[in-house]
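Student: Just dropping this structure here.
The values are calculated or read from the model by the stated rules, or taken from the named source; none is laboratory data. All values reported here derive from a predicted model rather than from experimental measurement. Positions of Cβ are backbone-derived with ideal geometry, glycine not excepted, and every protein chain shown enters the neighbour counts. For accessibility, only protein heavy atoms count, side chains too; no ligands or nucleic acids. Shrake-Rupley method; radii C 1.70, N 1.55, O 1.52, S 1.80 Å.
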Amino acid sequence: MPRRVFFSFHYERDVHRVMQVRNSWLLRPGGEASPFYDKAEFEDVKRRAGGIERWIEDQLAGTSVTVVLFGRETSTRRWVRHEIKRSFELGKGLLAIDIHNVKHPQNGTDLPGANPLSTFTVGREATPMDRLYSQYDWVLDDGYNNIGLWVEAAARAANR
């Protein structure tokens with residue numbers, strides 16, 4: 001079944017790594033993703049009525065899964081945290097993929113970072129989200145060949 005995915009990530013630090021992951025998803029039959037904006041277009045989004053929050057809502061509409069692509073600083077990013085929160089509230093499938101080992105064209109690999117899902121808790125027991133949702137390493141878990149399985153599992157877990 002085709003899945004439309006929203007990718008959440010730290011733009012400035014990880015965009016080159018993210019493009020490799022996102023492009024591999026788009027090459028899959030039925031792999032769709034929300035639009036990808038460059039920095040200039042994103043600056044324009046911030047100036048529009050509703051700004052970034054409205055843009056995020058628009059991008060989440062029609063998606064079944066949010067894939068959090070995380071590197072060294074992702075867990076501290078305000079808008080990544082907002083995207084995770086909204087995805088959870090909307091009942092989207094969620095999963096996290098560590099991309100610090102994906103090679104940047106000029107800088108190589110990066111230092112690892114915390115899974116952003118670990119910063120959220122749910123339920124009366126305050127269970128960390130990273131215990132409820134799957135985490136993978138793009139390189140070590142062969143993301144290129146397995147992302148479709150991961151997305152499908154997250155969608156099914158959320159009954160999407």
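Student: Inside the stretch 52-66, can you point out the residues that are touching a helix residue (DSSP H, G or I) at 6+ places or on another chain (Cβ under 7 Å) and open to solvent by less than 10 Å² (accessible area, probe 1.4 Å)?
Tutor: Within the stretch 52-66, Ile56, Leu60, Val65, Thr66 qualify.
Student: Looking only at the stretch 1-32, count every residue that is outside any helix (DSSP H, G or I), at pLDDT 80 or above and of a type in the set (A, V, I, L, M, F, W, C) and tell me the total.
Tutor: The qualifying residues number 4.
Student: For the stretch 61-104, how many residues are of a type in the set (A, V, I, L, M, F, W, C) and within 15 Å of Leu132 (Cα to Cα)?
Tutor: Looking only at that region, the number is 9.
Student: If you take just the helices (runs of 4 or more DSSP H) that sit entirely in the stretch 75-158, which of them hold at least 1 residues that are aromatic (Phe, Trp, Tyr)?
Tutor: Per the criteria, 78-89, 143-157.
Student: Next question, about the same structure. Test Trp138 against the stated conditions and say whether it is within 13 Å of the chain's Cα centre (by Cα), touching a residue at least 24 places away in the same chain (Cβ under 8 Å) and open to solvent by 60 Å² or more (accessible area, probe 1.4 Å).
Tutor: no
Student: If Val102 meets every condition in (1) open to solvent by 10 Å² or more (accessible area, probe 1.4 Å); (2) more than 14 Å from the chain's Cα centre (by Cα); (3) touching a residue at least 40 places away in the same chain (Cβ under 8 Å); (4) over 14 Å from Ala158 (Cβ atoms) apart from one, which number is that one?
Tutor: It fails just one condition, (1).
Student: Just to be sure I understand, how many residues within the stretch 108-143 are among the charged types (D, E, K, R) and in contact with a His (Cβ under 9 Å, 6 or more places away or on another chain)?
Tutor: Count: 2.
Student: Could you give me the residue pairs with C-beta distances under 6 Å whose first residue belongs to the stretch 2-19 and is within 20 Å of Asn107 (Cβ to Cβ), whose second residue is open to solvent by 80 Å² or more (accessible area, probe 1.4 Å) and assigned to a helix (DSSP H, G or I) wherever it lies, and which are 6+ apart or on separate chains?
Tutor: No pair meets every condition.
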